[in-house]
Amino acid sequence: MVKDKLMLWSICLLATLTVVPLLAILGEVLLRGYDQLSWTFFTEPTPTAYKTMEAIKTGEPIPGGIANGIVGTMIMLGMATVVAIPLGILCGAFLAENNKNSFAQFVSYLTDLLQGTPSVIISIITYIWVVVPMKGYSAIAGSAALCIMMLPLIIRSTEETLKILPASLKEAGLALGGNKARVMLKVQLPAAFGGIFTGVLLAISRVIGETAPLMFTALGCSFIRFAVDKPISAVPLLIWEFFNDPNLQELIWGASLFLLLFVLTLNLSSKYLAKKWNQ
Amino acid sequence: MESITPILEFKKTCVSYTKQTMAVKYVSATIEKNTITAIMGPSGCGKSTLLRAVNLMHNLYPNIRVDGEILLNGENILSMEPIDVRRRIGMVFQRPAPFPTMSIFDNVLSGYALNGIRLSKEEKMQTVERCLKSVALWNEVKDVLNKKGTFLSGGQQQRLCIARALAMKPDILLMDEPTSALDPIATKHIEELLLELQKEVTILIVTHNMGQAKRISSKSMFMYLGELVEYGDTATMFSNPTDERTKEYLTGKVG
Ligand SMILES: Nc1ncnc2c1ncn2[C@@H]1O[C@H](COP(=O)(O)OP(=O)(O)O)[C@@H](O)[C@H]1O
Ligand SMILES: [Mg+2]
């Protein structure tokens, strides 16, 4: 009895210990970032050095916001997702269907490796593969790096979801005379939609805050830009820039709060959708 | 003697899952057209294995070996394209499994979609109506054709699966314990349906339920440890089984 109680208490204690830093981070970002969140914070690009100096001199709050970063992040995430979804699903479907084949095992191993590769290395590789041939930093290069980082997550979620579907579903499709590709497309993938969608959302939330893959690829840009072949900004890049500029450090918190809220929303909605689909 | 039209012939058919053992051993039998043949036997005796050999389901798993011959209208199935075979031989599984993401309407037509066959709007409507009527489901679902098939009751789902198989106009319908997951009333409906359907299609049905075999089948197979022990008229088999093992099973001593 006493032992049980002791066990329970120590588990509670440990759980609290792990939750405390998490809550502390959330609290800190919320408290410091809350003031900065205003309409213009989302609609205006980062202020120029001149404007910032002016504001500081007159004691006004720092003008401008992170609109250039938000636009860049959305453009790059959009392009990365559009490419990563079909590639990842194709690869995941291949792995789920051919788990004994040695080429599939090799691909599966590569997927694990890719998932474990530090993002800065992916950034450098993308620099060599995309930035150098294109002779410049660009949104395309940034989204290529993000795409590479998203792939393993989408591949795995597709594979796992397909594997837990009842075999009878696939057999029923094949028993009607369908070929493997059609059964995959019309029966298995639709049935796995919930799991794959959740995987995509998680992949997005995983890369949205990544700074390193964008440093050598997207570079950054101080104004709102929609061109995909030019350097472009991103919210995590802005945070890094703000940190390096003593005049702009106050903006860090608003940008961080934005990222945190975005990731939180993605995670919660993916949980909700997963639950809804599993019913 | 009246002449019979053989549609399916097993000739020394063997199936093995592993190198050492055979799950189905040298089965030879001739199935008559437009009949219902029941496959009986204790569980694990190879009934499902034999049935799945007919529509080449075993081809999906490279380790499984099928030997001997299975003739469909005189042509050896084992050397035909699986896709062609499966279009002509429908299958209904033990657990009713309508495609969960498709509407009732699309479930009936799924065979066409999966074969890449396009139908006009009228053809679609006609096929759906014809098939759902032939499984006596039309009146119950005609107003909810766009709803998911998974909302139906178990018995309705199983009838939908039969309709889905019938839509492809198969020569043969394979059924693996199609009523074992259903309640007695749903079971009775399906049995009546099968008696009706044998006019258009030859039915091979695995069943655990001896009463069911007696009620619907004209021929019965009794399998034991992978062998076809006895095959003949259902009435004769129940009244006067020749093999000792059949007698024991039918009187409830084994299985
Ligand atoms: N996928 C499989 N792999 C290996 N052995 C199997 C497999 N499926 C069935 N068997 C074996 O084959 C034999 C016949 O099984 P099955 O045809 O399912 O029997 P029944 O349908 O008559 O109950 C059993 O001994 C079973 O253990
Ligand atoms: Mg069985």
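The values are calculated or read from the model by the stated rules, or taken from the named source; none is laboratory data. Model, not experiment: these values are computed from the prediction. FYI the Cβ positions are ideal-geometry reconstructions off the backbone, even for glycines, and counts take in every protein chain you see. For the accessible areas, the whole protein counts, side chains as well, though only heavy atoms, and no ligand, DNA or RNA atoms are used. Shrake-Rupley method; radii C 1.70, N 1.55, O 1.52, S 1.80 Å.
Candidate cross-link partners of A:K135 among the aspartates and glutamates, defined by an alpha-carbon separation under 18 Å and a same-chain spacing of 8 or more, comprise A:D229.
Considering only alpha-carbon pairs that sit under 8 angstrom and 6 or more positions apart, the relative contact order computed for chain A is 27 percent. Using all pairs of distinct alpha-carbon atoms, the Kirkwood hydrodynamic radius of the protein assembly as shown works out to 27.9 angstrom.
Taking GluC sites (Glu not before Pro) in DSSP loop states with no more than 15 other Cβ atoms inside 10 Å as exposed sites, chain B has its longest site-free stretch at B:3-199.
Taking all protein chains together and rolling a 1.4 Å probe, B:S239 ends up with roughly 90 Å² accessible. Once you have a ≥ b ≥ c as the square roots of the Cα gyration tensor eigenvalues for segment A:173-233, tell me rounded if a/c is under 1.5, and otherwise prolate or oblate according to whether a/b is larger than b/c. Judged from the Cα gyration tensor, segment A:173-233 comes out prolate (a/c at least 1.5, a/b above b/c).
Each of A:G254, A:I208, B:S48 was placed along the dipole of the protein assembly as shown (beta-carbon charges, centred on the mean Cα), and the one lying farthest toward the positive end is B:S48.
When the residues B:H189, B:H58 are ordered by accessible surface, computed with a 1.4 Å probe over the protein chains alone, the sequence from largest down reads B:H189, B:H58. Restriction of the chymotrypsin sites (Phe, Trp or Tyr not before Pro) in segment A:205-252 to DSSP coil positions whose beta-carbon has at most 16 other beta-carbons within 10 angstrom yields A:F223, A:F226. Once you divide the Cα radius of gyration of segment B:65-124 by 2.2 N^0.38 Å, the number left is 1.44. Between the residues A:L189, A:S143, A:M79, the greatest Cα displacement towards the positive end of the dipole of segment A:72-222, with unit charges on the Cβ of Lys, Arg, Asp and Glu, is found for A:L189. Quick check: from the Cα gyration tensor, does chain A come out rounded (a/c under 1.5), prolate or oblate? The shape class here is oblate.
Peptide B:108-116 is shielded by partner chain Cβ atoms: per residue, an average of 5 of them sit within 10 Å of its Cβ. Rounded to the nearest 500, the 222 nm mean residue ellipticity of chain A from helices alone is -23500 deg cm²/dmol, with -39,500 (n - 2.57) taken per DSSP H run of at least 4 residues. When +1 charges are put on Lys and Arg Cβ atoms and -1 charges on Asp and Glu Cβ atoms, the dipole computed for segment B:87-208 relative to its Cα centre reaches about 420 debye.
Distance from the C-alpha centroid of segment B:61-137 to that of segment A:1-77: 57 Å, rounded to the whole angstrom. With a Förster radius of 41 Å, plug the Cβ-Cβ distance of A:F193 and A:N244 into 1/(1 + (r/R0)^6) and report the FRET value to the nearest 0.05. Calculated value: 0.45. Relative contact order of chain B: 27 percent, from C-alpha pairs under 8 Å at least 6 residues apart in sequence. Treating cross-link reach as a plain straight distance, find the lysines whose alpha-carbon is under 23 Å from the alpha-carbon of A:K276, omitting any fewer than eight places away in the same chain. By straight Cα distance, A:K276 reaches A:K163, A:K170, A:K186, B:K147, B:K148. Along its three principal directions, the equivalent ellipsoid of segment B:1-114 from the Cα gyration tensor extends over semi-axes of 25, 20, 15 Å, largest first.
Sorting A:S256, B:S28 by accessible area puts them as B:S28, A:S256; the probe is 1.4 Å, largest comes first, and only protein heavy atoms count.
The figure for A:V130 is an accessible area of roughly 30 square angstrom, using a 1.4 Å probe on the protein chains alone. The C-alpha atoms of segment B:133-248 occupy a region whose extents along the principal axes are 53, 27, 23 Å, arranged from largest to smallest.
Overall, the protein assembly as shown carries a charge dipole of about 440 debye about its Cα centre when +1 sits on the Cβ of Lys and Arg and -1 on the Cβ of Asp and Glu, all other atoms neutral. Taken about its Cα centre, chain B carries a charge dipole of about 560 debye when Lys and Arg each add +1 at the Cβ and Asp and Glu each add -1 at the Cβ.
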